[in-house]
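For reference, the structure is listed below as structure tokens.
The values are calculated or read from the model by the stated rules, or taken from the named source; none is laboratory data. Worth saying up front: this structure is predicted, and the values here are computed from it rather than measured. A quick note on method: Cβ atoms are made from the backbone with ideal geometry, for glycine too, and the neighbour counts reach across all protein chains shown. SASA here: full protein model, heavy atoms, side chains in, ligands and nucleic acids out. Shrake-Rupley method; radii C 1.70, N 1.55, O 1.52, S 1.80 Å.
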Amino acid sequence: MASTGDEEPGLEIIVSDEPRVVLYAERLRDGRVALGTRRRREGGWEPGELYLLEPSAYLDLAAWFAPLVSAAWIDAIRDRQPEPLRTAEELFGEGAEGVTRLAGDMLEQIPHALLARAMILLANSIGPEARNRLVQQLNRTTNPSDDSMLRRRMADESEAFAYAVATAALFDALATGLVDGGGEEG
């Protein structure tokens, strides 16, 4: 499992302490991801099953994880809301217009390469595989209220997907210097 050298390092997560089990992932030269486990035994590490994920599989996995990651972070994000909301009110006045303006100003402070990555992750989290899961949910529901909510969500996410892809393309153009005045490192 050799990496190309310019990719992110592999990932190791402790899944269990007793017995010690580690989940690991590493990107292969051909673009696939190796995903497996190791279990600590008295004589050393015992390998578990190894799976080679094609790009479509790990993109789908990342999209599936996106709502879980969001749910894990949302309380910490909301704990930090009062200060930027107060700043928005002080600088631009009360209401959504001031908050929107400060949010836009703050986005300008984030390197373009990171914003491109964020937009790509956003697009992936609401892209075709996520839409397929919504369609499956819609096909299973018998509740008219759920049906209506899922249809609205699908429409919103379809529109947002197009904007996220276009925004990622623009931030990438700025980050890579395709447009004069960009060319950030990141």
Open item on the list: Just checking, does region 125-141 include any residue being assigned to a helix (DSSP H, G or I), at pLDDT 90 or above and of a type in the set (Val, Ile, Thr)?
Closed with: no
Task: Lone qualifier among GLY98, GLY93 - being on the phi > 0 side of the Ramachandran plot and not hydrophobic (A, V, I, L, M, F, W, C) - done: GLY93
Open item on the list: What are the pairs with Cβ atoms under 7 angstrom where one residue, in region 58-83, is closer than 28 Å to ASP30 by Cα and the other, located anywhere, is at pLDDT below 95 and open to solvent by 80 Å² or more (accessible area, probe 1.4 Å)? Sequence gap at least six, or different chains.
Closed with: LEU59/GLU129; ASP60/GLU129; ALA63/GLU129
Open item on the list: Being under 30 Å from GLY177 (Cα atoms) and surrounded by fewer than 13 Cβ atoms within 10 Å (Cβ to Cβ) is the filter here; which residues of region 89-102 pass it?
Closed with: THR100
TODO: Only residues that are part of a loop (DSSP other than H, G, I, E, B) and either of a type in the set (D, E, K, R) or open to solvent by less than 80 Å² (accessible area, probe 1.4 Å) (or both): list them for region 37-73, please.
DONE: GLU42, GLU54
- [ ] State which residue pairs qualify: first residue closer than 19 Å to TYR58 by Cα and inside region 120-142, second residue open to solvent by 90 Å² or more (accessible area, probe 1.4 Å) in any location, beta carbons under 7 Å apart, and separation of 6 or more residues or different chains.
- [x] LEU134/ARG153
Task: Which numbered condition LEU85 fails, given (1) open to solvent by 90 Å² or more (accessible area, probe 1.4 Å); (2) part of a helix (DSSP H, G or I) - done: (1)
- [ ] Would you be able to say whether some residue in region 107-122 is of a type in the set (Val, Ile, Thr), assigned to a helix (DSSP H, G or I) and exposed (fewer than 15 other Cβ atoms within 10 Å of the Cβ)?
- [x] no
Open item on the list: Given the criteria at pLDDT 85 or above and either open to solvent by less than 50 Å² (accessible area, probe 1.4 Å) or among the acidic types (Asp, Glu) (or both), does LEU150 qualify?
Closed with: yes
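Do we have any residue at all in region 142-160 that's among the polar types (S, T, N, Q) and closer than 26 Å to LEU115 by Cβ?
yes
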